[in-house]
Amino acid sequence: MKVPKIVTDDNTIAAISTPPGIGGIAVIRISGKGSLKIAECIFKGKSSPLSVETHRVLYGRIIEPQTEEEIDEVLLTVMHAPKTYTGEDTVEISCHGGMVPAQRILEVCLKTGARTAERGEFTKRAFLNGRLDLTQAEAVLDIVAAKTKEGLHSALYQLDGFLSKKIKRLKDSLVSLQAEIELSLDFSDEDITFPKAKELAKKIRYTLNIIGKLIKEGKRASIIREGLSATIIGKPNVGKSSLFNALLLEERAIVTPIPGTTRDVIEGWINVNGFPLKLYDTCGFQDSENIVEAIGIEKTKEAVENTSFVLFVVDGSIPLETEDKRIFNSIKENPLIIVINKIDLPKRVQISDITNGVSFPSCKVSAKELTGIEKLNKEILKLIGASDIKIDRAVPTRTRHIVLLSKVEESLLNALNGIEEKRTPELIAFDVKEAAGSLGEIIGEVTPKEVLDKIFEEFCIGK
Ligand SMILES: Nc1nc2c(ncn2[C@@H]2O[C@H](COP(=O)(O)OP(=O)(O)OP(=O)(O)O)[C@@H](O)[C@H]2O)c(=O)[nH]1
Ligand SMILES: [Mg+2]
């Protein structure tokens with residue numbers, strides 16, 4: 001009989017890495033010094049986990065070590081440090097899908113001395129062991145959460161280290177600049193140092209320019225990661241739900257000829273040429289005594305307030321009514337696209353009837369026959385300023401990056417002022433050092449513990 005509880009350092013972690021529910025297989029991951037011993041203890045097969053070479057897959061059974069009761073038939077992968085995801089000895093057990101086998105296997109791992117992994121702890125260990133820097137660890141999270149293939153590409157570039165390398169290069173150049181300032185900048189002798197000051201200012205401006213571009217690109221590229229949201233609004237029966245379904249390419253919302261069909265706000269994600277957009281279908285916007293409708297209208301107003309822009313739908317087959325105008329007037333200050341629907345029927349509405357000659361982005365569609373949807377997608381891209389975004393390989397993707405890059409910008413502007421005002425070299429060097437420090441924080445060279453905890457808390461257990 002094998003003796004359980006063989007690991008005592010509390011440093012070997014285990015978790016189910018696959019999502020809960022029924023599936024083909026489930027994977028349990030164990031990482032840390034004790035993982036091979038744990039595997040040895042709970043695995044029964046031709047070869048033993050402790051004696052095989054690294055990166056081998058063994059076929060066998062997982063047993064309850066005390067009773068030798070069989071739990072499941074598995075494939076067990078043995079991976080020795082340091083060439084593993086976490087940089088530590090790692091074992092991955094693939095068992096039959098479904099929660100019971102995986103849960104039971106996790107239980108015996110825990111009984112044998114592992115502890116439950118925290119959220120993102122495998123990736124955190126990869127970071128702490130130098131397998132990934134911080135932007136790469138964030139990229140792992142973005143790969144898992146990617147909503148479109150473009151989002152996935154951008155995360156994969158980040159995992160490959162394109163952003164890290166760019167940030168690292170910038171940081172190294174600032175560190176050299178700092179040394180240069182400390183060593184040679186001396187304003188006490190004007191004649192010698194003034195050209196030098198000019199040269200330094202030029203170098204700082206050059207870096208500032210790159211940082212400025214990164215911030216700008218990053219702000220726009222964050223749309224790829226986080227997406228935007230839009231609310232479809234309009235009078236009852238104009239075809240809002242039909243348009244919602246047409247954009248989603250599925251029959252999600254109920255469509256009927258009866259006005260007032262949609263009562264609640266319905267949401268769904270769509271992919272507009274690679275940009276994730278969360279779309280809300282709402283109930284017809286009209287004054288109502290009916291309590292259900294009144295609540296629905298409140299929710300519609302809330303959706304409009306909380307989304308990035310509005311798709312205002314009118315029925316193009318009937319003359320415009322005061323209700324359409326009233327709705328338009330209540331939302332015309334928001335970014336919006338006017339969508340004239342039902343163009344498969346005879347035309348009764350002109351854009352100018354709605355806008356009184358003021359220019360608004362607009363589009364004519366038939367949600368029923370799916371015409372004009374491509375053009376609408378283009379208008380959406382134009383409105384969100386995404387029609388000309390190229391996905392560069394080294395783009396900051398997170399608010400955390402942008403905030404730190406803005407700090408870099410601020411410190412470098414301070415340094416420039418310092419040169420202009422002929423402050424002491426120490427002061428100028430200090431600003432440059434601060435800028436380099438913020439760059440280091442992006443890749444996790446020095447990152448406060450709270451920031452790290454916050455980043456890894458976003459992960460799921462088992463990643
Ligand atoms: N001919 C034609 N009919 C359409 C089109 N779009 C929607 N309809 C019809 O218009 C009616 C109302 O469509 P819905 O999509 O339910 O309209 P809605 O704006 O969501 O309506 P409420 O939820 O009641 O506010 C249905 O009978 C649809 O089949 C279109 O492009 N052409
Ligand atoms: Mg509807």
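The values are calculated or read from the model by the stated rules, or taken from the named source; none is laboratory data. Only a predicted model underlies this, so the values are computations on that prediction, with no experimental measurement involved. Every residue, glycine among them, receives a Cβ derived from its backbone with ideal geometry; neighbour counts consider all protein chains shown. The area values use the complete protein model at the heavy-atom level, side chains included, leaving out ligands, DNA and RNA. Shrake-Rupley method; radii C 1.70, N 1.55, O 1.52, S 1.80 Å.
Odds and ends about this structure:
- Of everything listed in (1) among the acidic types (Asp, Glu); (2) under 25 Å from residue 57 (Cα atoms); (3) modelled with pLDDT under 95, the single unmet condition for residue 89 is (3).
- Qualifying residue in the range 270-280 (condition: in contact (Cβ under 8 Å) with a residue 12 or more places away in the chain, more than 11 Å from ligand 1 (Cβ to nearest atom), assigned to a loop (DSSP other than H, G, I, E, B) and polar (S, T, N, Q)): yes
- Residue that is nearest to residue 233 (Cα to Cα), among those in the range 252-269 that are part of a loop (DSSP other than H, G, I, E, B) and hydrophobic (A, V, I, L, M, F, W, C): 265
- For the range 217-234, the criterion of a residue being within 16 Å of ligand 1 (Cβ to nearest atom), at pLDDT 90 or above, over 27 Å from residue 435 (Cβ atoms) and surrounded by fewer than 20 Cβ atoms within 10 Å (Cβ to Cβ) is satisfied by no position.
- Filtered by the rule that a residue be at pLDDT 90 or above and over 24 Å from residue 369 (Cα atoms), the range 332-354 gives 332, 333, 334, 335.
- Within the range 232-271, the set of residues being near ligand 2 (Cβ under 9 Å from one of its atoms) and within 25 Å of the chain's Cα centre (by Cα) comprises 232, 244, 266.
- Hits in the range 266-282 - residues which are open to solvent by 10 Å² or more (accessible area, probe 1.4 Å) and at pLDDT below 90: 271, 273, 275
- Annotation note: of 390, 368, the sole residue that is over 22 Å from residue 334 (Cα atoms), at pLDDT 95 or above and part of a loop (DSSP other than H, G, I, E, B) is 368.
- From 403, 358, residue being outside the structural domain of residue 244 (by TED's automatic domain parsing) and open to solvent by 10 Å² or more (accessible area, probe 1.4 Å): 403
- Residue that is assigned to a loop (DSSP other than H, G, I, E, B) and either in contact (Cβ under 8 Å) with a residue 60 or more places away in the chain or more than 13 Å from ligand 1 (Cβ to nearest atom) (or both), where the choices are 313, 358: 358
- Residue 151 falls short on exactly one of the conditions (1) modelled with pLDDT under 90; (2) surrounded by fewer than 20 Cβ atoms within 10 Å (Cβ to Cβ), and that condition is (2).
- Within the range 217-245, being aliphatic (A, V, I, L, M) and over 22 Å from residue 334 (Cβ atoms) holds for 221, 224.
- Filtered residue count, the range 54-110, keeping only those that are open to solvent by less than 10 Å² (accessible area, probe 1.4 Å), of a type in the set (A, V, I, L, M) and assigned to a strand (DSSP E or B): 7
- Filter pass, residue 28 being farther than 22 Å from residue 119 by Cα and surrounded by 20 or more Cβ atoms within 10 Å (Cβ to Cβ): no
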